[in-house]
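The values are calculated or read from the model by the stated rules, or taken from the named source; none is laboratory data. In this text, all values refer to a predicted model and were calculated from it rather than measured experimentally. Here the Cβ is made from the backbone with ideal geometry for all residues, glycine too, and neighbour counts use every protein chain on show. With ligands, DNA and RNA removed, areas are computed over all heavy atoms of the protein, side chains included. Shrake-Rupley method; radii C 1.70, N 1.55, O 1.52, S 1.80 Å.
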Amino acid sequence: MKIIPGPASKQLGEEVAELLGVEAVTLVFKTYPDGESYVRLEGTVQNEEVAIVQTTSPPQDTRLIQLALIADAAKRHGAERITVVVPYLAYARQDKVFLQGEAISTGVVARMLRAAGVDSLITVNVHQEKVLAKFPFPAKTVSAIPLLAEYFKQKGVDKAFALAPDDGALWLAEEAKKVLGGGCGCLEKHRDLHTGQITMEKKTLDVGGKTVIIFDDVISTGGTIALAAKIMRELGAGKVYVACVHPLLIGDAEKRILEVGVEEIVGTDSVPSRVSKVSLAPLLSRELTR
Ligand code: R5P
């Protein structure tokens, strides 16, 4: 096997190659003055099983095209099998028609990757696992929640209460609880499909005086987490921490979350950012050898 670290996940791809003890194929990459992407493989991939590591966090469209170009280059130059490792899978949240007239974005992304020569896909904490069943090739998601929980355990934040902002994310809190050994629970979130505005119901949760860690898959604008943290404060929680797999942190999301009294935000390098303190390399390299 050979690894091709894409421009959006260069460091992560190189770490995965190092952990697996395999070659990281060098990629010449540039952006033309008009914004178009150019890629060229410097190493050989003839008759090789190849894994391309490229996240598709913002700018999503550019990174998706880069991923498709790399897959095409690998296929064209004789790669036997291509797996794409896409830690943050863009467009995965638009997995159905919510409002009349919409596209199913995730299906379009899957078909585009297929057309570029992709044989299988590995992603991390995709928003809805069921979307992957509709991909035209084997696609699976793995969870980074145990790694995030382990980060807090190592830090000495043990027996914390693991909270999910809504019941769809409760399983994340349950997974974290297995590592942390405290309690877990969720709030109830509603999102207005037209305005995107969220509201959250304050539920009775036994968090008084306890350290709480809020777990979510994605932090985008930070609205969800800021609201959840505020409710934890109102319920008398002690310290409040935040853990997320994909720290997109759009605009002033980080500030917004810290302003409500959150001690620390911890994310993975699925989306390289200031809070990416947990590496996905061990998880992904393990997955590639299964
Ligand atoms: C949605 O259900 C996701 O799990 C996240 O909670 C959401 O994407 C976070 O978005 P934001 O940070 O903009 O509230």
Note down all Cβ pairs under 9 Å where the first residue falls in segment 90-105 and is in the same structural domain as residue 122 (by TED's automatic domain parsing), the second is among the acidic types (Asp, Glu), and they're at least six residues apart or on different chains. 90/61; 94/102; 96/102; 104/95; 105/95
Sort out for me the helices (runs of 4 or more DSSP H) sitting completely within segment 5-122 that have 2 or more residues that are more than 25 Å from residue 271 (Cβ to Cβ). 60-76
Restricting to segment 138-166, give me the number of residues that are open to solvent by 20 Å² or more (accessible area, probe 1.4 Å) and part of a strand (DSSP E or B). 3
Answer yes or no: is there a residue in segment 188-204 that is within 13 Å of the ligand (Cβ to nearest atom) and modelled with pLDDT of 95 or more. no
Can you name the residue in segment 167-177 that is open to solvent by 50 Å² or more (accessible area, probe 1.4 Å) and either touching a Cys at 6+ places or on another chain (Cβ under 9 Å) or not assigned by TED's automatic domain parsing to the domain that holds residue 246 (or both) and is also nearest to the ligand (Cβ to nearest atom) among such residues? 168
The one condition residue 180 fails out of (1) more than 12 Å from the ligand (Cβ to nearest atom); (2) under 21 Å from residue 126 (Cα atoms) is (2)
Answer yes if at least one residue in segment 126-136 is touching a helix residue (DSSP H, G or I) at 6+ places or on another chain (Cβ under 6 Å) and within 16 Å of the ligand (Cβ to nearest atom), and no otherwise. yes
Of everything in segment 227-268, what is within 13 Å of the ligand (Cβ to nearest atom), surrounded by fewer than 23 Cβ atoms within 10 Å (Cβ to Cβ) and of a type in the set (Gly, Ala, Ser)? Give them in sequence order. 251, 253
If you check every pair at least six apart or on different chains, which have Cβ atoms under 7 Å apart with a residue in segment 200-222 that is closer than 26 Å to residue 267 by Cβ first and a residue that is of a type in the set (Lys, Arg) and near the ligand (Cβ under 10 Å from one of its atoms) second? 200/189; 222/256
